[in-house]
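One structure is given below, encoded as structure tokens.
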Amino acid sequence: MSYSVEDFYPTVAEVDPELAGILSLELERQSSTLQLIASENFTSKAVLEATGSILTNKYAEGYPSKRYYGGNIYVDRVEDLARDRLKALFNAEHVNVQPHAGANANAAAYLALLKPGDTVMAMRLDQGGHLTHGSPVNFSGQYYRFVSYGVTPADGDKGERIDLNQMEELAKAERPKLIVVGATAYPRVIEIAAIRSIADQIGAALMFDAAHVAGLIAAGVYPNPLGSSESGRNLGADVMTFTTHKTLRGPRGGAITSTSHYAQAIDKAVFPGLQGGPLEHVIAAKAVAFLEASQPSFAEYQSQVVANAKLLAKSLEIEGFRIVSGGTDTHLVLVDLTRFDPELSGKEAQEVLDRAGITCNRNQIPHDGRSPFVTSGLRFGTPAMTTAGMGEPEMSQVAKLIGKALRNRTNDEKLESIRQEVATLCSKFPPPPFA
Ligand code: DSN
């Protein structure tokens, strides 16, 4: 008897109507409200199918041809496919597609490059850095000694850039073993060459956390920061970690690329250092996403993501908001609410926008007087709604809806009518899996 893969996919509705009901509500939410969280996207149907595939049944500890379990003849082919495609996508000497998430990828990079207690220099969390860049509540801040750099003061569209002078002084004073760049809320391109030269002055390794911008890099709309150890002096990062589900538009997960110099250390750190069995169904979906990201249409998509973010920033400025760094070079826009209304916190603004069908997240802004739980800012991103087909005219409409909702934040009737406007707009742009 032979089976086709379809035989293995009874619907959730048949097996578990309770869960199916919740999934339907979430589907309705995703397709009738605006998804403006900068770290989210809509994957393709092919990525969804691979993520839900029978590969979830298989244990495969180890790496292709070096597994600790039998029966991996096809799993090896899947993981090799993902690795080869990722290598080509980023022109990388070495790749590891097993990290379960971006945080795991960062943990593995630290495990490969550092010993507990070593000094690491990374971006301040309130100026764009990530929890895994040394937050005291995260393993990174507990096992390593982090020192932090920040951004320059606000100065129209020239300020709030990574402060290279501060970075150089701090590097010379603290002599970190590793410098980490890359951020979760930094809208500008990071100039890797200048930072590489700071790292070289003190003999530090350089890691680029590309969680947010990996898709932009794959498409060539953001410079590839990964260096090479095969061409003499390394002019870029030694290691690049990233997530596969943000701008890269794949399944939830992480990955690492590095120069060949760090290949063995990275692989040993991911397994057996940090993780057990790899999620081969997710690795299959990563393979699909890497293939999709290598197509010309993906480059067009990412150019539109950036064009939409630039227009969204300009339109929000017209609505009376201050835009951190005066604009954006990427997929994200960081809004300072204090000029719009000093009384309005990021927390309240996020909750009001949720009621109006506009999903985003509150975020600290540089030198924020409010805590990370409250904040004075909002972060918006264009990857998801660009996938759904929105362009610049819609971004200007979205900015107006945001301004209108926040100006009418105590008026329930007004918020409900904005929610209807949002639903009408979204109905014209169904994301691909629902189209
Ligand atoms: N979830 C990521 C982001 O939103 O940027 C951080 O982990």
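Which helices (runs of 4 or more DSSP H) does the range 209-320 wholly contain that include 2 or more residues that are in contact with a His (Cβ under 6 Å, 6 or more places away or on another chain)?
296-318
Evaluate the following for T259: is it within 16 Å of the ligand (Cβ to nearest atom) and either in contact (Cβ under 8 Å) with a residue 24 or more places away in the chain or of a type in the set (S, T, N, Q) (or both)? When the stated conditions are applied, T259 does not pass them.
Candidates are the residues of the range 342-386 that are surrounded by fewer than 22 Cβ atoms within 10 Å (Cβ to Cβ) and β-branched (V, I, T); the one that is farthest from R409 (Cα to Cα) is V374.
Could we say that V78 is in contact with a Leu (Cβ under 7 Å, 6 or more places away or on another chain), farther than 30 Å from G62 by Cβ and more than 16 Å from the ligand (Cβ to nearest atom) here? No, not satisfied.
Within the range 31-42, take every residue that is part of a loop (DSSP other than H, G, I, E, B) and closer than 15 Å to V305 by Cβ and give me the one that is nearest to the ligand (Cβ to nearest atom).
Only one residue fits best here, namely S39.
Residues that are crowded, with 19+ Cβ neighbours inside 10 Å and among the polar types (S, T, N, Q) were ranked within the range 180-236; the one that is farthest from R124 (Cα to Cα) is N234. Could you look through the range 49-61, keep only residues that are at pLDDT below 95 and not in a loop (DSSP other than H, G, I, E, B), and pick out the one that is surrounded by the fewest Cβ atoms within 10 Å (Cβ to Cβ)? Applying the filter and picking the extreme gives I54. For first residues located in the range 181-207 and under 27 Å from P372 (Cβ atoms) and touching a residue at least 24 places away in the same chain (Cβ under 8 Å), partners that are of a type in the set (K, R) and outside any helix (DSSP H, G or I) and lie 6+ apart or on another chain with Cβ distances below 7 Å form the pairs A185/R379; R188/R161.
Is it the case that some residue within the range 382-400 is touching a residue at least 24 places away in the same chain (Cβ under 8 Å), within 30 Å of S135 (Cβ to Cβ) and touching a His at 6+ places or on another chain (Cβ under 6 Å)? Checked against the condition, which is being touching a residue at least 24 places away in the same chain (Cβ under 8 Å), within 30 Å of S135 (Cβ to Cβ) and touching a His at 6+ places or on another chain (Cβ under 6 Å), the range 382-400 yields at least one hit. Across the range 197-208, a minimum of one residue is classified as within 27 Å of N104 (Cβ to Cβ) and under 16 Å from the mean Cα position of the chain (by Cα). Determine if the range 322-344 includes at least one residue that is among the polar types (S, T, N, Q) and without any contact (Cβ under 8 Å) to a residue 24 or more places away in the chain. Taking every residue of the range 322-344 in turn, none turns out to be among the polar types (S, T, N, Q) and without any contact (Cβ under 8 Å) to a residue 24 or more places away in the chain.
If we keep just the residues of the range 111-131 that are within 16 Å of the ligand (Cβ to nearest atom) and in contact (Cβ under 8 Å) with a residue 40 or more places away in the chain, which is surrounded by the most Cβ atoms within 10 Å (Cβ to Cβ)?
That would be G128.
The values are calculated or read from the model by the stated rules, or taken from the named source; none is laboratory data. Just so we're clear, the structure is a prediction, and the values are computed from it rather than from any experiment. Note that we place each Cβ from the backbone using ideal geometry, even for glycine, and neighbour counts take in every protein chain shown.
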